[in-house]
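Asks: Quick one: this structure, given as structure tokens, is what I'll be asking you about.
The values are calculated or read from the model by the stated rules, or taken from the named source; none is laboratory data. In this text, all values refer to a predicted model and were calculated from it rather than measured experimentally. Quick reminder, even Gly has a Cβ in these numbers, built from the backbone with ideal geometry, and neighbours come from all protein chains shown. Each accessible area value is taken on the protein alone, full model and side chains, heavy atoms only, with ligands, DNA and RNA left out. Shrake-Rupley method; radii C 1.70, N 1.55, O 1.52, S 1.80 Å.
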Amino acid sequence: MAVILVGGLAGVLPPLLGKWLASPDSVTGRAVRAFSGGAILGVALIHIIPEGMELMSDVAASYHGAGGLPVAAGLLLLLFIDYLATYLLAGRQLLKQQQQQQRQKQAAANGQQTSNLHACCPVSGTSSSAAAAAAAAAGSKGADLEQGAAAPLPGEAAIGTAATGMSPFAHSHHHLPACAITTIKHLVTCYSMEAGCVFHSVIIGISIGVTTNAPLLVTLAAVMVFHQALEGLALGSVLALTQLSMLKKLSMAAVFALCMPFGVAVGLAIAGGHDADSLPWLAAQGVLNGVSGGMLLYVSMYSLLAEEFSKTDLIYRPGVAALLAAAVVAGVGSMAVIGIWG
């Protein structure tokens, strides 16, 4: 168990302590995250999902799709967790800003109606040119309100410029800044990946713990060192992008590293009291493997690979695109090689 713990820490700590993956735009960081996405994809498609589907086929031989149901459940579970986390972190703020924007649009519409009324019915004694000028001024003010560029109060311009580095007259629709959205996205990805990796590590640990074949156990332990190192590298590369405190990052890294040894301990505790060939045990293993595989499939394809390959700079930087593609293939290939012994 200590060797597996060291392997996990060896993978997850360097990206955090070295800070060499903290920039989301560095080519090195993007290549590492692409490799990590490929490794997680390989874990899901090569190691976990096939085993889960095989176990479920033994449990429910009459239903061909039994093995796919836990995979779909794990994928959808993490999708809902992802949405819920995003809503809790950003949804309320976006809702308040949308309501504020609607009130401003209503005020602009009311101002436009007032200006049209004055233009059609000028006050007695006011020249037509003065009425037209007043209507034009009111219409201009309504347009400014509609564009979200209301006149600042005295001293407000200096405060706005100093706080944001932007002109107080800059056009704004009161959305969250792009940097805030990106920060929230990185945070949600981090928590989703932590959940998927922790769940998966505990399940594998239990499977190792209940193994009674000593030579096989030694082989599995050696393989899991590299497995945890690669998975830890994936998690560390995502943690490095967040603005969490170093203490919280290290805490999440420690939880990940300890989960597989914890699972091994649980497996050793129940090893003597379970029947490895009983249907309840096979069903439990099949369902847990399927759910774990679905969660890792979501993390790899949506949170890691889709994020990297959807960036527009790859259109005019084919060299970087080729590097990322090669990194993905290398990640999947590394897990395929480990699968020879695992």
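For every residue, the table says whether it meets (1) in contact (Cβ under 8 Å) with a residue 60 or more places away in the chain; (2) closer than 25 Å to Lys311 by Cβ.
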residue	(1), (2)
Ala31	yes, yes
Gly42	yes, yes
Leu55	yes, no
Ser62	no, no
Gly68	yes, no
Val71	yes, no
Leu78	yes, yes
Ile81	yes, yes
Ala85	yes, yes
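Asks: Can you name the condition, by its number, that Pro280 falls short on among (1) free of Cβ contacts under 8 Å to residues at least 60 places away in the same chain; (2) over 27 Å from Ala72 (Cα atoms); (3) assigned to a helix (DSSP H, G or I)?
Replies: (2)
Asks: Applying the selection to region 14-42, what residues are assigned to a helix (DSSP H, G or I), open to solvent by less than 50 Å² (accessible area, probe 1.4 Å) and aliphatic (A, V, I, L, M)?
Replies: Leu16, Ala31, Val32, Ala34, Ala39, Ile40, Leu41
Let's see how each residue does on (1) under 16 Å from Ile203 (Cβ atoms); (2) basic (Lys, Arg); (3) within 21 Å of the chain's Cα centre (by Cα):
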position	(1), (2), (3)
Gly263	yes, no, no
Ala271	yes, no, no
Ala276	yes, no, no
Leu288	yes, no, no
Ser292	yes, no, yes
Val299	yes, no, yes
Leu305	no, no, yes
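Asks: To continue, here is another question. Taking the residues in region 43-63 that are within 26 Å of the chain's Cα centre (by Cα) and buried (at least 24 other Cβ atoms within 10 Å of the Cβ) as candidates, determine which candidate is nearest to Val287 (Cα to Cα).
Replies: Gly52
Asks: A further question follows. Would you check if there is a residue in region 184-207 being open to solvent by 30 Å² or more (accessible area, probe 1.4 Å) and at pLDDT below 75?
Replies: Within region 184-207 (the criterion being open to solvent by 30 Å² or more (accessible area, probe 1.4 Å) and at pLDDT below 75), the answer is no, since none of the residues qualifies.
Asks: List pairs: first in region 297-319 and under 22 Å from Gly232 (Cα atoms), second assigned to a helix (DSSP H, G or I) and open to solvent by 50 Å² or more (accessible area, probe 1.4 Å), Cβ under 7 Å, 6+ apart or cross-chain?
Replies: Leu297/Leu75; Tyr298/Leu75; Tyr298/Leu79
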